[in-house]
Amino acid sequence: MNFDTVQVLIAMLCYMVIVIGIGLFFMKRSNQNSEEFFLGGRSLGPWVAAFSAEASDMSGWLLMGLPGVAYWCGLADAFWTAFGLAIGTYLNWLIVAKRLRGYSVVADNAITLPDFFSNRFRENKKVLMLIASIFILVFFTVYASSCFVTCGKLFSTLFGVKYIYMMIAGAVFVLIYTYLGGFLAESASDFMQAIVMILALCTVLICGVSAAGGLDVVIENAKSIPGYLEFFGIASPEVVDGVQQVNGNQPLFGAAGTYGFLTVLSTMAWGLGYFGMPQVLLRFMAIRKPGELKKSRRIAIIWVTISLAAGVFIGIVGRALYPTALQTASDAENVFIVLGTSLLPPLLAGVIMAGILAATISSSDSYLLIAASALSKNIYQGIAKKDATDKQVMNMSKLTLVVICIIGVLIAMDENSVIFKIVSFAWAGFGATFGPVLLFSLFWKRINRTGAIAGMLSGGIMVFVWKLCLKPMGGVWGIYELLPAFIISCIVILVVSLLTPAPSDQLNQDFDAAKNYNGL
């Protein structure tokens, strides 16, 4: 390990020490009871709520997955994904945040998403709670594995150590940190990590454009590749066994592919996922005062727009500077690392690389914590052992953290995993499983428990069916699984609710109380 690498390591270790310090600072308060551990006592201010929501949402995908897609096949796929996410972010804060904050209090002070669904329909047999908890466990375990892949790729690329060792080390670090501090530590550090992430993205983008000779040079290079800089076309790297072919110092591309309206609509459907993202919805439930959500919304959309735009253009800049350095779709996700370590002084590069670590930690701790709450709070206490004490719930949650972490590590063993693909599947799962049910629960008084159960099951199952059975057929079936699964769930909720008995007077009163809730 040379001196430059040591400097990078020192900067990253200092960052990790700060994060652990935040966990220790909040440890005593977070371990007081399960509400503090899982929701921080509903005490988040507008800046922390906004920054922690977006940082926990974006993960290492923002700094590795998104630039990797842009580097590999050009503007369209990355741009329409980012555009859909920006719209989804704004609409989620605009129409969901305030209503969910109030309804979660009305619904017997629900502190987890399965709690909310179950309490919203005042169910005696906790079927909704069980279904929601199972889907959370499945999809968040997959999500956590994508974060561990990010850690493994980051440390392996930087320090030349075998991927599997670095991936496991990253997972252990995240586990220890989440175990110590709970939701408050997670949210406070996510606030800091959101700042690190956006500064890292902007720094690497500006340095990359400068090193390439200016924006004009970057654009001209992108235009020279068929379909690379088109909104309705896509570049097609010539590959053999997944490896892009090279002629001299020039990567080889085939004819531009088409990127039609249906594909655009499918890609923009990423934005629908926001309505079902537990890690974001929990921030809405945890904010201190509903009146502060307007400020949070403005902060969140500015952060998201700048970060997503920077992520997309980093990939395009990387193709201009290092056209043949990354020759597989998996390797392309290292473009941010290559730019940062090549263009910046080692110590500063270490700080920038901490941006990836920040993105990974800010997401994986959320995923682990929410998955743990689903098992310990909702399945264990809510269904299996209703007389469980708060201490028993806390102990079960921490045991669950360890088990989920181990399963996530096993899923992440393949170093050729493409982060973008792992995240897209889990994102579709949450968006289709919870998004339609949440929207109807908040805004349609006629939805009943039967409709909610049917909608949740149909959305979650359809993600698997479309992804594994229909999508491989190509053509119109090749669209992103979130869009059809979301639509089918909405239809099922409407039809089943209208064909079954209307909600009780008590549920209608709850709905009106949530509608008029002002937090005073």
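The values are calculated or read from the model by the stated rules, or taken from the named source; none is laboratory data. Since the model is a prediction, treat every value here as computed from it, not as a measurement. Glycine gets a Cβ as well: all are built from the backbone with ideal geometry, and neighbour counts include every protein chain shown. The protein model used for the area step is the full one, side chains on, heavy atoms only, and it has no ligands, DNA or RNA in it. Shrake-Rupley method; radii C 1.70, N 1.55, O 1.52, S 1.80 Å.
For the reader, a short list of remarks on this structure follows.
- Pair list, Cβ under 7 Å, 6 or more apart: region 178-204 residue within 30 Å of Gly318 (Cα to Cα) and open to solvent by 10 Å² or more (accessible area, probe 1.4 Å), other residue modelled with pLDDT of 65 or more and among the hydroxyl-bearing types (Ser, Thr, Tyr): Phe191/Ser52; Ile198/Ser307
- Output for region 45-79, where each listed residue is farther than 10 Å from Gly311 by Cβ, touching an Asp or Glu at 6+ places or on another chain (Cβ under 9 Å) and open to solvent by 10 Å² or more (accessible area, probe 1.4 Å): Gly45, Pro46, Val48, Phe51, Trp72, Leu75
Each row is one residue, and each column tells you yes or no for (1) aromatic (Phe, Trp, Tyr); (2) touching a strand residue (DSSP E or B) at 6+ places or on another chain (Cβ under 8 Å); (3) farther than 21 Å from Arg120 by Cβ.
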residue: Asn247; (1), (2), (3): no, no, yes
residue: Pro251; (1), (2), (3): no, yes, yes
residue: Gly257; (1), (2), (3): no, yes, yes
residue: Ser266; (1), (2), (3): no, no, yes
residue: Trp270; (1), (2), (3): yes, no, yes
residue: Phe284; (1), (2), (3): yes, no, no
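- Ala82 being under 15 Å from the mean Cα position of the chain (by Cα), surrounded by fewer than 24 Cβ atoms within 10 Å (Cβ to Cβ), in a helix (DSSP H, G or I) and in contact (Cβ under 8 Å) with a residue 24 or more places away in the chain: no
- Condition broken by Val138, with the remaining ones in (1) surrounded by fewer than 23 Cβ atoms within 10 Å (Cβ to Cβ); (2) touching a helix residue (DSSP H, G or I) at 6+ places or on another chain (Cβ under 7 Å) satisfied: (2)
- Considering region 369-395, and only residues there that are assigned to a helix (DSSP H, G or I) and of a type in the set (D, E, K, R), the residue that is most open to solvent (accessible area, probe 1.4 Å) turns out to be Lys391.
- Checking Pro436 against (1) within 27 Å of Phe284 (Cα to Cα); (2) open to solvent by 20 Å² or more (accessible area, probe 1.4 Å), the condition it does not meet: (2)
- Residue within region 382-392 that is aliphatic (A, V, I, L, M) and closer than 19 Å to Cys147 by Cβ present: no
- Verdict on Lys162 being out of contact with any Cys (no Cβ under 6 Å at 6 or more places or on another chain), surrounded by fewer than 18 Cβ atoms within 10 Å (Cβ to Cβ), of a type in the set (Lys, Arg) and under 22 Å from Cys405 (Cβ atoms): yes
- Residue list for region 264-294, filter: part of a helix (DSSP H, G or I), touching a residue at least 24 places away in the same chain (Cβ under 8 Å), charged (D, E, K, R) and more than 27 Å from Ala372 (Cβ to Cβ): Glu292
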